[in-house]
Amino acid sequence: MNYETVIGLEIHAELATNTKIFCGCTTAFGDKENTHCCPVCLGLPGALPVLNKKVIEYAVKAGLATNCQINGFSKLDRKNYFYPDLPKAYQISQYDQPLCEEGYLDIKGDFGSKRIGITRIHIEEDAGKLLHEAEDGSTLVDYNRGGVPLIEIVSEPDLRSAEEARLYAEKIKAILEYTEVSDCRMQEGSLRFDVNLSVRPEGNSVLGTRTEMKNLNSFRALVNAIEDESKRQIEVLESGGEVVQETRKWDDVTGKNTSLRSKEEAHDYRYFPEPDLVPVVLEEEYIERIRKELPELPDKRAKRYVEEWGLPEYDAGVITASRPMAVFFEECVKSYGGDPKTVSNWVMGELMRLFNEKGAGAEDIPFPAVYMADLLKLVDDGTVSGSAAKRVFTEMFETGEQPKKLVERLGLLQISDEEALTGIIKRVMEKNPQSVEDYRAGTKKALGFLVGQTMKETKGKANPALVNNILKKLL
Amino acid sequence: MITKEDVEYVAGLARLELSGQEKEEFTKTLGNILEYVKQLEEVDTSSVQPTAHILPLINVYRDDEVEPSTDRERILANAPEKLNGCFKVPRVI
Ligand SMILES: [Zn+2]
């Protein structure tokens, strides 16, 4: 039997504010434990929270950028549960009247274009961090992150595969980066995914029992966790069993997910309106002002690359998927002045290769965009060959040096001196009499071999067009 | 009316351990309270928005400006147990 996987994502993003959601403590990352705390974010008796204005602005911006309705009236609620990362024993969140509702995003892949519904976006406070480093096995708590503002973006169960989930999550990340609502530093936990997943026999309209996996903090973990859990549920059904509704834990190291706790006992949050915070009422005028502040978003930018610069749709999609990448690309195009497609070919080929090799992204490029433009100009004016330029580029990614200096240091200046090349080519012909003979006898592909030998002889520095011409003349 | 099971459930959520006698007692007293409050159901509220807050206030904000946090020594002063600048609690998963 064939099964269909049904996935909904809850994405938590830390907002790019300077201070926490209800107090003036800094949101800076990486400082000493419990140094960004005060009576408010520790929930000491008598302390009163006051809402950070910027949080509303960012959340509305995220809502508008994902085609949501912004609610004119919104309130905060208490979500009650006991866990040591929550000093108040409740989290201030939003229950039945969130800031944003009913949005959507379009994702593109091999399946074409697909619209993914966004149920809601609400604001809430982050919890503290649990550390497990005490020798006696007890848990240590750092509340620096407690009270850092989050938005939670809840999707409809519209996703059908790990691939779709990844594309959707990447799109959310790009939008949050473009709007500067969140810095989305995944290694710092600024962007985290909760996966709700069920499977059902294909063609069945009733949803299966779902499980939840919380706090996945990389796209790779997201994809692997979905694939593993989908497989597990299908195996359970195939063997005649029943999927149990529960929270499961994904382990990045073992690549397996395991049962954490069953949902029934854990979920009774007894939400009620937060008495310490007054409602948020947003005028149409305010919402429209934020709408005007929205930057050019990834879809629109990709469309411009395709229509104005002639980029393939796929390339435009990849480049605009990350804001730092798009910014780097555009700076390079501007400085280069030539065909933007030349730039995009280098980005899609060499740059992506290096990203993959080093697990890096556009924010890790150690040289300014103008260096890359300079390198492309060096290829255009014949200073370096295309293959030598690739070596320069790889080295540039290591050291961040200027391309001109690297060409000199690595001795990669292209040989465009006809006399010098003729000498080298004659030597190559002497060493390969059989190929010379083959060519003269009509085997045209022998020419390619001789060009290759010449390039090898010159360590890739010969001007290939010139080598071709000289060879043809001598043959 | 509420049952003894309701009392046990709510006590569980609140992490309260109740004796058998207390359970009986709270089933009765909590039931009385709910019975009393139930009188409100006689009022027709079908055209009234739920009250989110009793004060006639909206949009109370602060600016996003950093203020000094509290000294860590003072933060940890009331902690029953502490280690390496952290609150120390029984092991959790
Ligand atoms: Zn604070």
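Things worth noting here:
- Gained length - A:GLU102 relative to A:VAL244, 0.36 nm times residue gap less alpha-carbon distance: 48.2 nm
- Here the label points at B:GLU17 and B:SER47, each 7 Å from Cα along the C-beta direction, are separated by 5.4 nm in the simple model.
- Positive-end residue of A:THR247, A:THR394, A:LEU191, charge dipole of chain A with Cβ unit charges: A:THR394
- For chain B, built as a Gaussian network whose Cα springs stay under 10 Å, the top-fluctuating residue of B:THR45, B:THR27, B:THR70: B:THR70
- Cys with no candidate disulfide partner in chain A (beta-carbon separation under 4.7 Å rule): A:CYS23, A:CYS25, A:CYS37, A:CYS38, A:CYS41, A:CYS184, A:CYS332
- Considering helices alone, the calculated mean residue ellipticity of chain A at 222 nm is -12000 deg cm²/dmol, with DSSP H runs of length four and up weighted by -39500 (n - 2.57) and normalised per residue.
- When only Cα pairs below 8 angstrom with a gap of at least 6 residues are kept, chain B shows a relative contact order of 17 percent.
- Averaged over peptide A:42-52, the number of partner chain Cβ atoms lying within 10 Å of each residue's Cβ comes to 2.
- Counting every other Cβ atom within 10 Å of each residue's Cβ, A:HIS12, A:HIS122, A:HIS132, B:HIS53 order from fewest to most as A:HIS132, B:HIS53, A:HIS12, A:HIS122.
- Cut-off 19 Å (backbone N to label point 7 Å along Cα→Cβ of A:ASN67), residues of the range A:172-193: A:172-179
- Sites matching GluC sites (Glu not before Pro) across the range A:148-228 that sit in DSSP coil, with at most 11 neighbouring C-beta atoms within 10 Å: A:GLU202
- Put a plus charge on the Cβ of each Lys and Arg, a minus charge on the Cβ of each Asp and Glu, and nothing anywhere else: the dipole of the range A:331-403 about its Cα centre is then about 200 debye.
- For A:LYS88, a cut-off of 19 angstrom between C-alpha atoms picks up these aspartates and glutamates, skipping any fewer than 8 places away in its own chain: A:GLU33, A:ASP77, A:GLU124, A:GLU125, A:ASP126, A:ASP142, A:ASP268, A:GLU274, A:ASP276, B:GLU81.
- The range A:287-377: GluC sites (Glu not before Pro) falling in loop per DSSP and having at most 14 other Cβ within 10 Å: A:GLU296
- By the helix-only formula, in which each DSSP H run with n ≥ 4 contributes -39500 (n - 2.57) and the sum is divided by residues, chain B has a 222 nm mean residue ellipticity of -11000 deg cm²/dmol.
- Largest GNM mean-square fluctuation among B:LEU30, B:LEU55, B:LEU83, using chain B with Cα springs under 10 Å: B:LEU83.
- Number of Lys-Lys pairs in chain B with C-alpha atoms under 24 Å apart and a separation of 8 or more places or on different chains: 5.
- Partner lysines for A:LYS358 [C-alpha distance under 17 Å; skip if fewer than 8 residues away on the same chain]: A:LYS390
- The stretch between B:GLU24 and B:ALA79 holds 16.3 nm of extra length on full extension. This uses 0.36 nm per residue minus the Cα-Cα distance.
- Under the combined filter of DSSP loop state and at most 15 neighbouring Cβ atoms within 10 Å, the range A:250-340 retains these trypsin sites (Lys or Arg not before Pro): A:ARG270.
- Under the criterion of Cα pairs below 8 Å and six or more residues apart, the relative contact order for the range A:296-409 equals 21 percent.
- Kirkwood analysis of the range A:1-133, using all unique Cα-Cα pairs, places the hydrodynamic radius at 17.2 Å.
- Cut-off of 10 Å, at most 16 other beta carbons, DSSP loop: longest stretch of chain B lacking such trypsin sites (Lys or Arg not before Pro): B:16-90
- The range A:3-289, relative contact order in percent, only Cα pairs under 8 angstrom and at least six apart counted: 25 percent
- Magnitude of the charge dipole, the range A:314-454, Cβ model with Lys/Arg +1 and Asp/Glu -1, debye to 20: 380 debye
- 3J(HN,Hα) from dihedral phi, the range A:29-36, Karplus parametrisation 6.51/-1.76/1.60, rounded to Hz, x for glycine, proline: 9, x, 7, 4, 4, 6, 9, 10
- Subtracting the Cα-Cα distance of A:ALA89 and A:LEU131 from their residue separation scaled by 0.36 nm leaves 13.3 nm.
- Label-to-label distance, nm, for residues given as B:VAL66 and A:ARG160 (7 Å Cα→Cβ offset): 4.9 nm
- Per-residue Cβ neighbour rank within 10 angstrom, fewest leading, A:ARG232, A:ARG220, A:ARG145: A:ARG220, A:ARG232, A:ARG145
- Dipole magnitude for chain A: computed about the Cα centre from +1 point charges on Lys and Arg Cβ and -1 point charges on Asp and Glu Cβ, it is near 1720 debye.
- The range A:258-369 shape via C-alpha gyration tensor axes, a/c threshold 1.5: oblate
- Each label point was placed 7 Å from the Cα along the Cα-to-Cβ direction; for B:ASN32 and A:SER138 their separation is 4.2 nm.
- Exceeding the 26 Å Cα-Cα cut-off - candidates A:LYS54/A:LYS79; A:LYS61/A:LYS303; A:LYS173/A:LYS300; A:LYS173/A:LYS377; A:LYS405/A:LYS456: A:LYS173/A:LYS377
All of the numbers you see were taken from the coordinates with simple rules; none came from a lab. Small disclaimer: the values here were computed from a predicted structure and weren't measured. So basically every Cβ, Gly included, is an ideal-geometry build from the backbone, and we count neighbours across all protein chains shown.
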